[in-house]
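The values are calculated or read from the model by the stated rules, or taken from the named source; none is laboratory data. Because the structure is a prediction, the values reported are computed rather than measured. Don't worry about glycine lacking a Cβ; one is built from the backbone with ideal geometry, like all the others, and counts go over all protein chains shown.
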Amino acid sequence: MTNWTTDELQKIGNATELRIASLRKDGTVRPYVTIWVVRAGDDIYVRSAHGTENPWYRRAKTSGEGRINAGGIERDVTFTEADQGVHADIDDAYHAKYDRYGAAIVGTVVGDKAALGTLRVVPRSLSK
C-alpha cells in the first residue's frame, strides 16, 4: 500500500461523488456504483447509506480491493476498516460537505449505525 498524494486527497475529497467498484474473485472489476465520499485528515472514507447490507458495500468488504474514480483521479485501492477514533471526524466531514442535501439523506451516512458501514479507501501501489 501507499499514501495518497496531496493532489489526490484534495481532488477526491472535493468531489461530490465517487464511483466505486470492487474486484470479483477472478480479479476483474465490477461495474461502478456512485456514492458519496469524504476526506478526514489524510484519509479517504466511504459509508454505506442505509446500513451494511448494501450490495456494493458487502462486495467491497468481502473483496477488500477495487477501483475508485473521483475528481479526475482513478486508482486501484484497498478497502480497510476505519479506526474507531475517527468516526466523529467522518461524521463532521459528511455534515460539512453534504448537509445542503437535507437532514434525511445525510442522516443515512452519519451516526453510530452508519459508522458500521465505513470503509477507509487506501491507494494500492502502482507497481502491484
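Here are a few things to note about the model shown:
- Matching residues in segment 89-115 - criterion: being touching a strand residue (DSSP E or B) at 6+ places or on another chain (Cβ under 9 Å) and surrounded by fewer than 13 Cβ atoms within 10 Å (Cβ to Cβ): 96
- Scanning segment 1-44 for residues that are in contact with a Ser or Thr (Cβ under 6 Å, 6 or more places away or on another chain) and either crowded, with 17+ Cβ neighbours inside 10 Å or of a type in the set (Ser, Thr, Tyr) (or both) returns 2, 22, 23, 30.
- Flag if residue 33 is touching a His at 6+ places or on another chain (Cβ under 8 Å) and within 17 Å of residue 18 (Cβ to Cβ): no
- Among the numbered conditions (1) touching a residue at least 12 places away in the same chain (Cβ under 8 Å); (2) assigned to a strand (DSSP E or B), the only one that residue 57 does not meet is (2).
- Number of residues in segment 1-26 that are in contact with a strand residue (DSSP E or B) (Cβ under 9 Å, 6 or more places away or on another chain), modelled with pLDDT of 95 or more, in a loop (DSSP other than H, G, I, E, B) and within 18 Å of residue 80 (Cα to Cα) equals 1.
- Members of segment 52-64 found to be buried (at least 16 other Cβ atoms within 10 Å of the Cβ) and either out of contact with any strand residue (DSSP E or B) (no Cβ under 6 Å at 6 or more places or on another chain) or closer than 14 Å to residue 25 by Cβ (or both), listed by number: 54, 57, 59, 60, 61, 63
- Inter-residue pairs, beta-carbon under 8 Å, first in contact (Cβ under 8 Å) with a residue 60 or more places away in the chain and in segment 63-80, second among the β-branched types (Val, Ile, Thr) and assigned to a helix (DSSP H, G or I), 6+ apart: 71/12; 73/12
- Neighbours by Cβ (under 9 Å, 6+ apart or cross-chain): first from segment 86-104, of a type in the set (A, V, I, L, M, F, W, C); second crowded, with 17+ Cβ neighbours inside 10 Å and in a helix (DSSP H, G or I): 90/114; 90/115; 93/13
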